[in-house]
Amino acid sequence: MTLKTKWIDILYNVATGSRRVRNFFTPIGATFFGLLIFVFVIMALYLDRLLGITDILPGQFNIILSLPFFLLALFLIGWSVQNFLKVKGTPVPFNPPPQLVTSGPYAYTRNPMLTGVFVLLFGFGIFFESLFLLFVFTPLFILLNYWELKAIEEPELEKRLGQEYIKYRKMTPMFFPRFSSKYK
């Protein structure tokens with residue numbers, strides 16, 4: 001059994017386990033993800049300062065430019081969480097909803113909350129005037145999440161939700177919505 005298969009099985013067992021086990025692992029998963037975002041931001045800012053790449057935008061232009069990114073990110077993240085809570089689940093893979101969520105933003109993209117996080121990171125990149133966050137660490141974060149979703153989460157979702165998820169995955173983009181069609 002490979003490490004990937006073991007991790008998929010662990011995720012599946014926790015996600016389908018008792019409420020007590022799921023509730024135990026939920027804050028751990030959320031904290032880990034939050035710390036990962038924090039580390040990416042701090043590393044980018046450190047490298048910007050180390051290389052003297054600071055104060056790129058004039059005046060307070062960074063605040064004005066970053067505001068729409070923050071608003072869009074908070075909207076997507078909030079809308080996503082609201083749709084998961086409505087069906088008694090969380091966005092943390094250890095404590096997912098008991099059924100496939102295809103309403104709200106999930107009708108347009110399979111991972112709208114992650115899309116919101118990516119937009120948030122771009123907003124932070126503009127706010128902090130960080131070229132490393134904009135052009136290195138945010139794209140790296142997107143690639144890391146893409147890999148993790150393809151290698152771990154999607155196989156676990158397929159195992160847990162079966163054909164319904166496979167159909168949804170085929171019809172709905174991973175991160176960036178196509179507004180011309182939605183999952184039905």
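Quick check on packing: order 90-99, 74-83 by the mean number of other C-beta atoms within 10 Å, highest mean leading.
Numbers: 90-99: 18.7, 74-83: 16.7.
Sorting 90-99, 74-83 by mean packing, highest first, produces 90-99, 74-83.
Over 16 Å apart: what share of the alpha carbon pairs of segment 68-163 falls there, rounded to a whole percent?
Details: 2730 of 4560 pairs.
That fraction is 60 percent.
Taking 8 Å as the Cα distance limit and 6 or more residues as the minimum spacing, I'd like the relative contact order of segment 57-184 as a percentage.
30
Taking θ = phi - 60°, what integer Hz values does the Karplus form 6.51 cos²θ - 1.76 cosθ + 1.60 yield along segment 156-163, in sequence order, with x for Gly and Pro?
Result, rounded to whole Hz: 5, 4, 4, 5, 7, 10, x, 4.
Provide, for the chain, the number of lysine pairs with alpha carbons under 24 Å apart, each pair being eight or more places apart or on different chains.
So the count works out to 27.
Nearest 0.05, what FRET efficiency do residue 12 and residue 178 give at R0 = 35 Å with Cβ-Cβ as r? Can you show the working numbers first?
Details: r = 29 Å, r/R0 = 0.84.
According to the calculation, E is roughly 0.75.
Which order, highest average first, do 106-113, 168-175 follow once you tally other Cβ atoms within 10 Å for each residue and take the mean per peptide?
106-113, 168-175
Under the classification rounded if a/c is under 1.5, otherwise prolate if a/b is larger than b/c and oblate if not, where does segment 1-51 fall, given a ≥ b ≥ c as square roots of the Cα gyration tensor eigenvalues?
The shape class here is oblate.
Rg and Dmax in Å for segment 1-101, alpha carbons only: what are they?
When restricted to Cα atoms, segment 1-101 yields Rg and Dmax of 18.9, 56 Å.
Binning at 5 angstrom from zero up to the longest distance, how are the C-alpha pair distances of the chain distributed in percent?
Bins of 5 Å from zero give 1, 8, 14, 18, 19, 15, 11, 7, 4, 2, 0, 0 percent of pairs.
Determine the per residue accessible area of the chain with all protein chains present and a 1.4 angstrom probe, expressed in square angstrom.
In whole numbers, the chain has 57 Å² accessible per residue.
Which distance in Å, rounded to a whole number, links the C-alpha centroids of segment 80-142 and segment 18-71?
Spelled out, the Cα-based centre of one part sits 13 Å from the other.
The values are calculated or read from the model by the stated rules, or taken from the named source; none is laboratory data. If you're wondering where the values come from, they're calculated on a predicted model, not measured in any experiment. For neighbour counting, all protein chains shown are included, and Cβ atoms are generated from backbone atoms with ideal geometry for every residue, glycine included. Protein only, heavy atoms only, side chains kept; ligands, DNA and RNA dropped before computing areas. Shrake-Rupley method; radii C 1.70, N 1.55, O 1.52, S 1.80 Å.
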